[in-house]
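What follows draws every value from the coordinates through simple rules; no lab data is involved. Quick caveat: nothing in here was measured; it's all calculated off a predicted structure. Note: ideal-geometry Cβ built from the backbone for every residue, glycine included; neighbour counts use all protein chains shown.
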Number of protein chains: 2
Amino acid sequence: MFPKFKQHINSEMPFLKGKKLLLACSGGVDSVTLAHLCVAADLDIGLAHCNFTLRSDESDGDEVFVRQLATTLGIEVFVKQFETEQYAQTHRLSVQMAARELRYQWFSELLETKGFDYILTAHHANDSLETFLINLSRGTGIEGLSGIPEVNEQVVRPLLPFSQQEILAYAKSEKIAWREDSSNASTKYLRNKIRHQIVPVLKELHPTFLQNFLNTQNHLQQTNSLASNHLNELKSKLFEQRDGDIKISITALEKLQPLDAYLYGLFKDYGFTEWNDVKDLLSAMSGKQVVSKTHRLLKDRDFLILSEIKNTVNGTYLVHVDGTPSELPIKLKLENVETLEKQGRNVVFLDKEKLNFPLVLRNWEKGDYFYPFGMQGKKKLSKFFKDEKLDVISKEKQWLLCSSDNEIVWVVGKRADERFKVEDSTRQIIKITQLT
Amino acid sequence: MFPKFKQHINSEMPFLKGKKLLLACSGGVDSVTLAHLCVAADLDIGLAHCNFTLRSDESDGDEVFVRQLATTLGIEVFVKQFETEQYAQTHRLSVQMAARELRYQWFSELLETKGFDYILTAHHANDSLETFLINLSRGTGIEGLSGIPEVNEQVVRPLLPFSQQEILAYAKSEKIAWREDSSNASTKYLRNKIRHQIVPVLKELHPTFLQNFLNTQNHLQQTNSLASNHLNELKSKLFEQRDGDIKISITALEKLQPLDAYLYGLFKDYGFTEWNDVKDLLSAMSGKQVVSKTHRLLKDRDFLILSEIKNTVNGTYLVHVDGTPSELPIKLKLENVETLEKQGRNVVFLDKEKLNFPLVLRNWEKGDYFYPFGMQGKKKLSKFFKDEKLDVISKEKQWLLCSSDNEIVWVVGKRADERFKVEDSTRQIIKITQLT
């Protein structure tokens, strides 16, 4: 196998030569064999081993093994232990997803801090085939069938064209030692079924089944590139930038055929994977919207308005009396003044002693109310917004300046609060201006 | 199953109602069950049965069965016997391909002559899955994985969303009789392997595997539509019509990424499925070309010239002395004249008695030679073309007017032949003019 491996590096991955490569090494046969192959091919590798501490003694045994491997090969090794289960619980992730996140976070860190150029992983052709069949069984699209690319930004998979059989045969012939992995029992169950019951029969269908499969995946990747290019061209035509939002003509969308595929393709990157919801929106009442985790899509007469959802936790800022921190999302100027000056929508004059500093600048929340300046009694902000005819997105973007006890002082640019107004008894007037 | 079938017709294929439908019926469980379902759903069907005479008694038994089925259901039946093996030999096709061609030819004929609107076939979900896996094993692209569409022009497949299991269960519960088919042993071998060894395990991977698979195929079809739309837009931009040929800028082609996918996509409909050949052509010497069964692609400095290959068998026309048939590919006027008149590239004067009628108008063939007018001796046409600096496509398009014994009389528009020239002994001069 070594000549084929070296030839593959030379012809397809010449950019790896002379670069610092970090090989993700579990201790299993694939990554250990890849380490040996890389060293034999004079590639400059170090090993990175994640100890996910999921299998106690066994995990520690893997760690010891990988450390020894690095010594034997005379290369650097990096090891990190993770509290994977705890991380999974905190972040509400499956243990598998948690391990994945932790691994890639740490790898990125190593790339940056240790001067590595690429990460190598030991995925091979059978991994691709197994993933293909698992995705097929669950239902998927072209991405789920196209497989992982050999080179994806800084992650490189030099074993993708090789079969598990080839790798194993090489490891045995070279008397390479490795650790058997008993983790991921549930994934293993599916993968073992595929490995032992399905793949052998698929190979009987055609003598070069695995190679044909890889060619097929390559074709799918290419078709997917064409479709992506098409969607990107279309986005640059149809998606009009407007005040940080995107405005899209419904008439233009409705001309696209097949509509379902276009709606899915155009909006999937914004988290809208249910094209049916988007399709319904086209003919919905103005004002209706659908939301994804990151975006909202609002029907506004003949247009869809696509806008990012502001995360209200991140959208809380402190406004100190001694100056305006530069990181505020809007520019506010605070100054002490002697008398009321010229009024305006972007200016308020308040009784400074009624305020508790630091002030808080935040977006609105359900249940918010205030005492509109010049009126008696309180008013729900939702009602105020309605009377002001604000659309969903404008509401979302509306800033509220609050006293530190969370009472609304100013619906910024719209209306001050009666409670903080300047009265005869006021000893210090503060003028707050929203600069544009 | 019947309620689901009827619902499927109502929601997805309402256009079938009230139309004349021709159901392709082999006598097997799928097509026989479909016939029963259609009749129960009040669809207006007739049966078409092909007797391919490949299994003698068994084939005839199938025919008798289908005729009886039609009588029982009270519907029309059409039966045709084919000499399939002979057709396969004559047309150098596999028996399977021959049967396919014969079937669809006859079906088209029935559509036209008997006033049917659609052909129904009994393909079901498991057929799609088997085809998917067979294509996967051989290596394929998105088309090979996307499956057959439910509606493809006049061919409709109402059972595609249903599993073989459902159809069989329904047939049994309704005590429907059918014929077992022992044909296509080699295809059967592959399909049986898939049916009995692979599909059951795939179903264990996910409880709704077959449904998920159908959804996946639907997604692939949609992605493929996006890619096709993209390629069509691109063709209308890059493919310049020029005298019946298509001219394409190499610079424009080279900008496309991924180039391989674009070259394949742009030229596959012209029979160029080896994108590598086309890619090589981009950087080849001017004058180099690749040919497919139907087209040639010529590198001509900064352009590729795409042109249809003239079929020289079809490109042979008879030119009778008593007038010019209208179907000639070029316009020729034949007239008897008294004396030599004004000369020109588009006119020749010949000794009529030296010619054998009807004359033959054809393209050039390898080995052609003639006796150029005004020269001594013969000259190969290939040499003549070279001296005249004709490019490949112009050569291809060059017409030759020949005597019926195949001697070249006139390289049309270029040079007459010495052997047929008007001499002192000439008794009747014929003037032939190429009209433009």
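Points to keep in mind about this one:
- For A:C402, the residues whose modelled amide H falls within less than 5 Å of its own, excluding neighbours fewer than 5 places apart on the same chain, are A:V360, A:L361, A:R362, A:V409.
- Position A:A169, label points 7 Å along Cα→Cβ, spacing to each other copy in nm (shortest first, one decimal): 4.4
- Integer Hz, Karplus 6.51/-1.76/1.60 couplings in order for segment A:86-98, x for Gly and Pro: 5, 4, 4, 5, 4, 9, 6, 10, 5, 4, 5, 5, 4
- Calculated label separations, B:S11, copies of the chain, 7 Å along the beta-carbon direction, nm: 5.0
- In this structure, the residue pairs whose Cα-Cα separation is over 24 Å, taken from A:K4/A:K203; A:K279/A:K380; A:K268/B:K4; A:K235/A:K299, are A:K279/A:K380; A:K268/B:K4.
- Bridging of B:K414 to aspartates and glutamates at a Cα separation below 16 Å is possible for B:D368, B:D387, B:E388, B:D391, B:E396, once same-chain residues fewer than 8 apart are set aside.
- Karplus 3J(HN,Hα) series, Hz, for segment B:385-393 with 6.51 cos²θ - 1.76 cosθ + 1.60 (x for Gly, Pro): 4, 5, 5, 7, 6, 7, 7, 4, 6
- Of all chain A C-beta atoms, the nearest to the rotation axis linking A with B is recorded, alongside its rounded Å distance, as A:H230, 2.
- Hits among aspartates and glutamates - C-alpha to C-alpha of B:K17 under 12 Å, sequence gap 8 or more where chains match: B:D42, B:D44, B:D117
- Within chain B, longest stretch free of exposed trypsin sites (Lys or Arg not before Pro) [DSSP loop, at most 12 other beta carbons within 10 Å]: B:1-91
- Applying a DSSP loop filter and a limit of 11 other Cβ atoms within 10 Å to the GluC sites (Glu not before Pro) in segment B:354-402 leaves B:E365.
- Low-density loop positions, chymotrypsin sites (Phe, Trp or Tyr not before Pro), segment B:364-412 - DSSP coil, at most 13 other Cβ in 10 Å: none
- The 3J(HN,Hα) values that the Karplus relation (6.51, -1.76, 1.60; θ = phi - 60°) gives for segment B:334-345 are, in residue order, 10, 8, 7, 10, 7, 9, 5, 10, 4, 7, x, 5 Hz. Gly and Pro appear as x.
- Candidate cross-link partners of B:K188 among the aspartates and glutamates, defined by an alpha-carbon separation under 18 Å and a same-chain spacing of 8 or more, comprise A:E204, B:D30, B:E58, B:D127, B:E130, B:E180.
- Inter-site label distance for B:K172 and A:S394 at 7 Å from Cα along Cβ, in nm: 6.7 nm
- With label points defined 7 Å past Cα in the direction of Cβ, position A:G271 shows copy-to-copy spacings of 5.3 nm, given to one decimal and shortest first.
- If you plug the beta carbon distance of A:Q211 and B:K380 into 1/(1 + (r/R0)^6) with R0 = 41 Å, you get a FRET efficiency near 0.30.
- Put simply, the amide H of A:N51, placed in the peptide plane, has neighbours under 5 Å in A:K80, A:Q81, A:F82, leaving out anything fewer than 5 places away on its chain.
- Other protein chain C-beta atoms within 10 Å of residue C-beta, averaged over B:206-216: 4.
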